[in-house]
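Accompanying notes for the structure given below.
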Amino acid sequence: MTANEFRSSAHEMVDWMAEYLEHPEAYPVKSQVKPGEILGQLPHRAPDKGETMKIIMEDFKKVILPGITHWQNPNFYAYFPANSSPPSILAEMLTATLGAQCMMWETSPAAAELEEEMMTWLKQMMGLPRHFEGVIQDTASTATLCAFLSAREKASQFGVNEYGFSGHEHYRVYSSTETHSSIEKAVKIAGLGRENLVKINVDEQYRMDPHLLRDTIKNDLDKGYTPLCIVATLGTTGTTSIDSLAEISAVSKEFKLWLHVDAAMAGSALVLPEYRWMIEGIENAESFVFNPHKWMFTNFDCSAYFVKDPEMLIKTFEILPEYLKTWSRGKVNDYRDWGIPLGRRFRALKLWFVIRYYGVSGIQETFREHLRMTRQLKSLVESARDFEILAPVPLNTICFRYHPEGVEDADTLNSLNEKLMQVLNASGRLYLSHTKLHGLYTIRFVVGQTHVTEQHVMDAWTFIQETARKLKND
């Protein structure tokens with residue numbers, strides 16, 4: 001492809017991208033295709049001869065787009081935000097154009113030094129401890145795994161890295177029953193064993209019970225186990241409940257355990273000073289992670305991982321074959337030693353673009369508007385005679401269900417709400433997801449998409465009510 005051909009194709013593609021960003025609501029929020037429908041339209045062999053970008057782009061529109069769920073549609077209320085924004089997209093275009101492999105300072109000094117400064121910016125913006133140092137990981141799942149591996153090596157004095165497990169460690173990790181599934185996955189990958197993930201029951205607000213945590217650790221010590229790490233969650237996946245970090249950190253300090261704080265989505269709210277109560281006790285934490293790629297307008301993937309002791313992180317992962325030795329080693333941050341992969345993308349660039357474009361005050365203003373809309377919708381759900389809130393609403397997620405008068409059987413209500421969500425999602429007008437709370441099928445409504453407005457939320461609530469009542473009458 002010549003430069004002129006690239007320029008022509010790029011202009012056409014950017015025009016399409018701009019149109020898409022202007023009118024994301026032109027598509028069903030949730031893909032309407034059936035299993036295998038996309039696969040059935042794809043050739044089962046690669047083309048022998050190259051094809052033009054015009055033909056490829058037409059097939060993208062015809063074959064691929066119908067199978068896309070549009071996370072950037074303002075009527076996306078499912079799971080969690082996975083926000084993008086124009087400045088983030090523009091930065092990604094530059095990143096792809098440069099094609100830099102940013103594994104260490106030597107291979108792109110600007111990437112390493114910009115990443116270092118972006119972690120400082122975030123630390124300042126969020127009120128995190130000054131002694132924390134940060135690195136960009138791909139996801140919170142990877143960051144949590146890094147935390148467990150570091151905790152393991154600290155406890156074994158790097159013995160597991162050197163010799164493998166002796167079989168006598170009996171390490172234990174503690175989290176709440178509401179913790180994210182990535183915690184369980186990380187325990188397995190780290191070789192700690194799923195049976196050694198101890199899930200602590202939660203209180204009526206779905207927060208880890210710190211008294212039960214303390215008792216459980218004491219019992220494990222009496223049984224000969226080695227408590228290793230506690231995971232506190234700020235913003236659980238199901239309800240965005242906020243564990244009491246102050247109380248949990250006191251327990252970690254008492255038993256000298258690694259405390260990892262998982263704030264994947266909710267951490268962004270720390271940009272608001274009025275939400276800093278969530279990190280009371282953070283000074284006792286060894287590690288903290290949140291994802292700008294969820295709520296902070298920075299497209300996937302970009303996960304900010306902070307540690308109290310970067311040397312412990314580096315010693316857990318560093319390896320130095322001859323071909324990676326450089327004159328600058330020890331004078332700069334070689335981020336390949338701060339995590340699992342050797343290869344690293346230039347993720348800091350999009351974070352730089354986003355923070356500079358919106359500014360701290362612009363980010364704060366959008367978050368506050370999302371939270372205001374959430375409170376407004378919460379009041380409307382509470383005032384509806386046939387709907388009920390099933391969990392506290394500390395942030396931007398509302399957990400509710402349809403509960404028409406005269407219907408009290410739990411199984412019937414579960415089936416009714418499951419059907420309601422299926423019908424709503426099949427409409428293409430919005431997208432919701434669910435959880436189960438004490439066995440109750442619960443619909444989740446997350447207000448956090450970059451461009452969602454009050455009108456979107458109000459229209460969605462009207463549609464939910466109309467669909468629910470029609471479903472009952474049918």
Quiz item: Hey, does the range 422-435 have a residue that's in contact with a Gly (Cβ under 9 Å, 6 or more places away or on another chain), surrounded by fewer than 21 Cβ atoms within 10 Å (Cβ to Cβ) and in contact (Cβ under 8 Å) with a residue 40 or more places away in the chain?
Solution: yes
Quiz item: For the range 319-342, how many residues are within 16 Å of Ala143 (Cα to Cα) and surrounded by fewer than 20 Cβ atoms within 10 Å (Cβ to Cβ)?
Solution: 3
Quiz item: If we scan the range 313-336, do we find a residue that is closer than 17 Å to Gln124 by Cα, in contact (Cβ under 8 Å) with a residue 60 or more places away in the chain and in contact with a Gly (Cβ under 7 Å, 6 or more places away or on another chain)?
Solution: no
Self-check item: Pairs where the first residue, in the range 106-130, is among the polar types (S, T, N, Q) and the second is buried (at least 22 other Cβ atoms within 10 Å of the Cβ), C-beta under 8 Å, 6+ apart
Solution: Ser108/Cys102; Ser108/Phe346; Thr120/Gly134
Practice problem: Tally the residues that are buried (at least 22 other Cβ atoms within 10 Å of the Cβ) and farther than 24 Å from Thr142 by Cα, restricting the search to the range 187-209. | Solution: 1
Quiz item: What is the one condition in (1) under 27 Å from Ala266 (Cα atoms); (2) crowded, with 16+ Cβ neighbours inside 10 Å that Thr467 does not satisfy?
Solution: (1)
Exercise. Would you mention how many residues in the range 436-449 are surrounded by fewer than 19 Cβ atoms within 10 Å (Cβ to Cβ) and not aliphatic (A, V, I, L, M)?
Key: 3
Self-check item: Residue selected from the range 5-50 under the condition of a type in the set (Lys, Arg) and within 27 Å of Gln422 (Cα to Cα), by the criterion surrounded by the fewest Cβ atoms within 10 Å (Cβ to Cβ)
Solution: Lys34
Quiz prompt | Enumeration of residues in the range 18-56 that are of a type in the set (Gly, Ala, Ser) and either over 31 Å from the mean Cα position of the chain (by Cα) or under 23 Å from Asn299 (Cβ atoms) (or both) | solution = Ala18, Ala26, Ser31, Gly40, Ala46, Gly50
Self-check item: Failed item in (1) in contact with a His (Cβ under 9 Å, 6 or more places away or on another chain); (2) surrounded by fewer than 19 Cβ atoms within 10 Å (Cβ to Cβ), with Ala151 passing the rest
Solution: (2)
Quiz item: Just for the range 97-140: of the residues that are among the small types (Gly, Ala, Ser) and not in a helix (DSSP H, G or I), which one is surrounded by the most Cβ atoms within 10 Å (Cβ to Cβ)?
Solution: Gly134
Quiz item: If a residue has to be within 11 Å of Val393 (Cα to Cα) and among the polar types (S, T, N, Q) to count, how many in the range 364-378 make the cut?
Solution: 1
Self-check item: Matching entry among Leu377, Leu351 (being closer than 26 Å to Thr237 by Cβ, surrounded by 17 or more Cβ atoms within 10 Å (Cβ to Cβ), in contact with a Ser or Thr (Cβ under 8 Å, 6 or more places away or on another chain) and not β-branched (Val, Ile, Thr))
Solution: Leu351
Exercise. Quick one: in the range 188-199, of everything that is at pLDDT below 95 and of a type in the set (A, V, I, L, M), which residue is nearest to Ile217 (Cα to Cα)?
Key: Leu192
Practice problem: Name every residue in the range 209-225 that is out of contact with any Asp or Glu (no Cβ under 6 Å at 6 or more places or on another chain) and either over 25 Å from Cys146 (Cα atoms) or not in a helix (DSSP H, G or I) (or both), in order of residue number. | Solution: His211, Leu212, Asp215, Lys218, Asn219, Asp222, Lys223, Gly224, Tyr225
Exercise. Can you confirm whether the range 413-421 contains a residue that is basic (Lys, Arg) and touching a helix residue (DSSP H, G or I) at 6+ places or on another chain (Cβ under 9 Å)?
Key: yes
Exercise. For residues that are of a type in the set (Gly, Ala, Ser) and in contact (Cβ under 8 Å) with a residue 60 or more places away in the chain, tally how many sit in the range 92-105.
Key: 1
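The values are calculated or read from the model by the stated rules, or taken from the named source; none is laboratory data. Every value quoted in this text rests on a predicted model; they were computed, and no experiment measured them. Glycine also receives a Cβ, built like all others from the backbone with ideal geometry; neighbour counts cover every protein chain displayed.
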